[in-house]
1. Name the long-range amide H neighbours of A194: under 5 Å, sequence gap of 5 or more, or other chain; modelled H, no Pro or chain starts.
2. Over its Cα atoms, what ratio of radius of gyration to 2.2 N^0.38 Å does the stretch 219-338 give?
3. Based only on other Cβ atoms within 10 Å, what is the fewest-to-most ordering of S298, S323?
4. The stretch 293-329 to the stretch 10-30: how many Å between their Cα centroids?
5. Could you run the Karplus curve 6.51 cos²θ - 1.76 cosθ + 1.60 with θ = phi - 60° over the stretch 108-113 and give me ³J(HN,Hα) per residue in whole Hz, x for Gly and Pro?
6. On C-alpha positions alone, give me the angle between the axis of helix 296-308 and the longest principal axis of the chain, in degrees, nearest 10.
7. With the crude spin-label approximation of a point 7 Å out along Cα→Cβ, what separation in nm comes out for D102 versus V249?
8. Quick one: if the Förster radius is 22 Å, what FRET efficiency do K74 and K46 give, using the C-beta to C-beta distance and rounding to 0.05?
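Derivation of every value follows stated rules applied to the coordinates shown; laboratory data play no part. Everything numeric in this text was worked out from a predicted model, so none of it was measured. In this analysis, Cβ positions are derived from the backbone assuming ideal geometry, glycine residues included, and neighbour counts consider all displayed protein chains.
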Amino acid sequence: MKLWAIRAPKKLAEDTRRMLLQAGIIHPEARVRQENEYILIPVNGKPDPDELAGLAGSETGDNLTIIEAEFETKQKKPSLEDKLGFTPTFDVVGDIAIIDADDPEAVRIAIALMEFRKSLKVVLGAASPVEGEFRTRQFVVLAGEHRTHTVHKEYGCRYKVDLAGAYFSGRLGNERQRVADTVKPGECVVDLFAGVGPFSILIGRTVPGASVIAIDKNPAAVELLRENILLNKVDNVRAREDDARDVAVELEHRADHVIMNLPQSAREFLDTGIRVARDGGMVHFYDITHEDDLYRTSWELIQDAAARQGREVECVEKRVVRSYAPYQYNVCIEFRVT
């Protein structure tokens, strides 16, 4: 196609391209080409010579020429969606992508992900839901290296993760940051189901003077949690391998913040969470609920647990964190205990 262009000597080509790019006048669909000792840069319409001189400056402008020339159209690179014919659903943790192992297109999706996302080294297929006492899943390797461990980077922190040994979701980064932002300097935080430590370590790194007790009963998770404390150089996070219920007596009325990120079964630990919170303390409670009952039943259970403890609760905020399954949502209810 025939277009107006700026002809620049090769030695000025990159400076000229940047100047035209900043001015927003490079033609988006045409390919820059070479002509002997010059580079031809296609532009949108015929530039005004005085305008061009003003943009380029006198020294550069004297070496630029406005001409008409033929250009080839840029070839659009195919996208992942172009390759597959649909938009795949996947999660990313570190350099690992996770898809549904039962998807009929699982292998094809895995190969395409490896091709189009060069940062990925492994594609895993989740072969089971999150289940069992230690909240783990079974995986099959669909493409790439045969491993389930990686290092995930998030908000300035690094987390060693083994997806087969301890649950971790990369989708909760914003939620973890939001909770960290509610913690004030010097406050005590008890993370009842800490996993490999993403809530605890972020708070430890970003809140001056905060003290964090990170608890989990999964030995594999706690081993990684301890490694992550060292990896992120936080000395105000203490890891404990224990059942949350068993530490409730020791930590009674101690926490300014209690994090209850165990959405599949946190309801069973409401008495514990409320017992650990001090008067005026905040509990961050996560649950899985149906779209027809996002908060009502959860809030009733919270009130019942508070009554058993002889305490009162005040709802501070309720919100949907993310979609979890068809018609189901991961929700958070934050409440203050008195």
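1. I215, D216
2. On the way: Rg = 15.3 Å, N = 120, 2.2 N^0.38 = 13.6 Å.
Cα Rg divided by the expected 2.2 N^0.38 Å: 1.13.
3. On the way: S298 22, S323 12.
Ascending Cβ contact count within 10 Å gives the list S323, S298.
4. The stretch 293-329 and the stretch 10-30 have Cα centres spaced 56 Å from each other.
5. 5, 4, 4, 5, 5, 4
6. 40 degrees
7. Inter-label distance under the simple model: 4.3 nm.
8. On the way: r = 21 Å, r/R0 = 0.96.
For K74 and K46, the calculated efficiency is 0.55.
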